[in-house]
Each structure stands twice: as structure tokens, then as C-alpha cells.
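For reference, the structure is listed below as C-alpha cells.
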Number of protein chains: 2
Amino acid sequence: MVPVPVVGIHHIGIVVENLDEAIETYKKLGLTFDGIKEFPHTRIGLFRGGEGHVELFEPKDPESDLGRFLRKRGGVHHVAYAVHDIRTALAQLEQQGFELIHREPVIGLHGLPVAFVHHKSCHGVLTELVEVPADGGH
Amino acid sequence: MVPVPVVGIHHIGIVVENLDEAIETYKKLGLTFDGIKEFPHTRIGLFRGGEGHVELFEPKDPESDLGRFLRKRGGVHHVAYAVHDIRTALAQLEQQGFELIHREPVIGLHGLPVAFVHHKSCHGVLTELVEVPADGGH
């Protein structure tokens, strides 16, 4: 079986304690700030560097999944890879025994179809696929 | 101060217990395998997806830094960002109080100048800069 190729690292998701401080840090690191998205349980700072994105998550609820992740370890929460055909990629991974969190793609922060693969199937790294258009930028 | 811009996510470094198994997993995820590098204290599996790279580290010595990292948490060990001018970037970061692991760049796995910034200065994420040529691919 020829896997659907990964065409890039789409983004890194990082859990932080204080988003405002982390935003200042990531600006100084040279990433381009794209604004904040607010959700009931989390605030997310969006950054860009070339075609790569960084998402900084501040959990609002310490008992949420992200809140527990922050208490337990913090830092990089997930890695997202860009593919051109997410449905075929998910079907192939499931057939090969990967534990999928989403069997069907959902729409992610960037308005693109995304799906998560369980960290237990990826040597401890929560892994996301993001479908980017075949004709260009992600 | 205008920071030296990040022009892409160059690579992710991941610490794994069993490199041979992890290589099979990352092939199935759709990344392109670029071979193994052997060092006294670690074996490294190199992957590529578009312009992004993934490095899988298997510590040989449980008492090494990577060995302790694996016992303590495992998973993503560092994130590396591509810049065109690493010396200016390092000088700026130091001036702004970032704790640098390398004040001068060293040559990394890909034959490019690299330097690490301490995870305490980057909200828990060990962060690497990689100098890529301004005229193209990384």
C-alpha cells in the first residue's frame, strides 16, 4: 500500500499557561502573529512562519483535556502534517491498525478538513492530518 | 527591534523507544524515509514531508539527556524553525533575555548551522533555529 504522502508540516500545537506572555515570546522568536481565537474552554494564539503554523493553546478550564495536559507536561501537544487527500489517508491508516480519533475529517481552525490520530499509535505524539489544496499554499 | 523572521518549520525532533518500529509507523503516516544516522549515544531516523523534516531519536544510553527525556515523558523533544540569518537571530534573542544553549551556531544533522534556545525561555518547548539558504529549499 502506497501511503498518501505528507507534503509538509502544517502546524505545531503547543499548550501554554499564559497566552499573552507566550504571544510576546513567539513574536520575539520571529513568528508572525495572526491573532487570537476564543473558544469556551481555550484561547488560541495563531502564528505563522513561512508555510508553517504554530498554535498556542491556553486552557481556560483546568479539568479540560488541555488543562490536564498542561498540569501533566505542557509544551508540544500535537504535530499536524499536510496531505492532499485526507479521506484516503485515514482509510489507509485505519486499515493498518492506527487508532483514529476522527474517522471522518472535521473542520479545523484554519477552515480545512482535519483529523487526529491517537498518540498511542504514533509513538507518544498526538498526530493530526490537515487536508491542504493540491494547487498550492497551506 | 524587528526580529529575524521565521521562514518555516524546519523539523520536529521526537524521542522514541524503538526506532525500527517508529520508522515503520512514520512510513505508514506518509513521510519519506531518508535513512538512519548512528551516533555513540543515539540512533536517528530521518524523514521528510515536503519541506518539513522529522527526526526520530532512539537513545542508546538511558542516562543520557535523551534517555532521561524518554523515561520522563517521551514524544516531541524539540521544534526547529528555519531562519536566513541565525547569528543576528541569536544576538537579538540573547539581548531580549532568552537563555541560549548555543550562543554560536553549530553544524546540525542536515549540515546547516543550528542553535538551541532553552525550553524555559520558550514556554516549555526546547526550540532550535536552523539557518537555511535564502535562495531556496530547506
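Distances between copies at residue B:68, taken between label points 7 Å from Cα along the C-beta direction, are 2.9 nm in increasing order.
Roughly speaking, to the nearest percent, how much of segment B:8-131's 1.4 Å accessible area is carbon and sulfur?
Working: 2650 of 5420 Å².
Answer for segment B:8-131: carbon and sulfur cover 49 percent of the accessible area.
Just checking the output field for A:82-90: average partner chain Cβ neighbours within 10 Å of each residue's Cβ? Working shown, then result.
Working: counts 4, 3, 0, 1, 0, 0, 0, 3, 0.
Going residue by residue through A:82-90 and averaging, the value is 1.
Net charge in the neighbourhood of residue B:33 (other residues with Cβ under 9 Å of its Cβ; Lys, Arg +1, Asp, Glu -1) is +1. Note on residue B:73 and residue B:85: the model spin-label points, each 7 Å out from Cα along the C-beta direction, lie 3.3 nm apart. Farthest towards the positive end of the charge dipole of chain B, among the residues B:18, B:91, B:3, is the Cα of B:18, using unit charges on the Cβ of Lys, Arg, Asp and Glu. Connecting C-alpha atoms closer than 10 Å in a GNM of chain B, tell me which of B:105, B:40, B:59 has the biggest fluctuation. Comparing B:105, B:40, B:59 in a Gaussian network model of chain B, the most mobile one is B:40. Once the Cα atoms are used to define both axes, helix B:86-95 deviates from the longest principal axis of chain B by about 70 degrees.
Loop-only trypsin sites (Lys or Arg not before Pro) in segment A:33-138, please: DSSP not H, G, I, E or B, and at most 12 other Cβ atoms within 10 Å. Please report the intermediate quantities before stating the final value.
Details: sites: A:37, A:43, A:48, A:60, A:68, A:71, A:72, A:73, A:87, A:103, A:120; in loops: A:60, A:73, A:103.
Here the sparse-neighbourhood loop sites are A:103.
In chain A, Cα pairs under 8 Å separated by at least six residues give a relative contact order of 25 percent.
Each Lys and Arg Cβ is given +1 and each Asp and Glu Cβ -1; about its Cα centre, chain B then shows a dipole of about 300 debye.
By DSSP, the beta bridges lying fully in segment A:8-131 are antiparallel in about 75 percent of cases.
Each copy carries residue A:18; placing its label point 7 Å along the C-beta direction from Cα gives inter-copy distances of 4.3 nm, listed from smallest up.
For segment A:1-83, the ratio of Cα radius of gyration to the globular rule of thumb 2.2 N^0.38 Å stands at 1.17.
Within the full protein context, the accessible area of residue B:135 is estimated at about 140 Å² for a probe radius of 1.4 Å. For the listed residue pairs A:120/B:72; A:120/B:28; A:27/A:120, the alpha carbons are over 26 angstrom apart in A:27/A:120.
Under a 5 Å amide H cut-off, with hydrogens placed 1.01 Å from N, residue A:9 pairs with A:82, B:51, B:52 among residues at least 5 apart or on other chains. Distances between equivalent label points of residue A:106 across the copies, with each point positioned 7 Å along Cα→Cβ, amount to 4.1 nm, shortest listed first. Beyond 26 Å, the tail of the calculated P(r) for segment A:6-138 holds 23 percent of the Cα pairs.
Starting from the exponent 0.38 and prefactor 2.2 Å, build the expected Rg for the protein assembly as shown from its residue count and divide its actual Cα Rg by it.
Details: Rg = 17.7 Å, N = 276, 2.2 N^0.38 = 18.6 Å.
It is 0.95.
With all protein chains in place and ligands, DNA and RNA left out, the 1.4 Å accessible area ranks B:12, B:101 as B:101, B:12, largest first.
Compactness of segment A:46-107, taken as the C-alpha radius of gyration over 2.2 N^0.38 Å, stands at 1.40. Phi angles of segment B:7-15 translate, via the Karplus equation with coefficients 6.51, -1.76, 1.60 and θ = phi - 60°, into HN-Hα couplings of 9, x, 7, 6, 7, 10, x, 10, 9 Hz per residue; Gly and Pro are given as x. Mind jotting down the distance between the C-alpha centroids of segment A:89-131 and segment A:1-42, whole Å? Segment A:1-42 and segment A:89-131 have Cα centres spaced 18 Å from each other.
Apply 1/(1 + (r/R0)^6) to the Cβ-Cβ distance of residue A:96 and residue B:63, taking R0 = 30 Å, and write down the FRET efficiency to the nearest 0.05.
On the way: r = 35 Å, r/R0 = 1.17.
Between residue A:96 and residue B:63 the formula returns 0.30.
Per residue, chain A exposes 46 Å² of accessible surface when a 1.4 Å probe is rolled over the protein heavy atoms with every protein chain present.
The values are calculated or read from the model by the stated rules, or taken from the named source; none is laboratory data. Note that the structure is predicted; figures quoted are calculated from it, not measured. Cβ: placed from backbone, ideal geometry, glycine included. Neighbour counts: every protein chain shown. The area values use the complete protein model at the heavy-atom level, side chains included, leaving out ligands, DNA and RNA. Shrake-Rupley method; radii C 1.70, N 1.55, O 1.52, S 1.80 Å.
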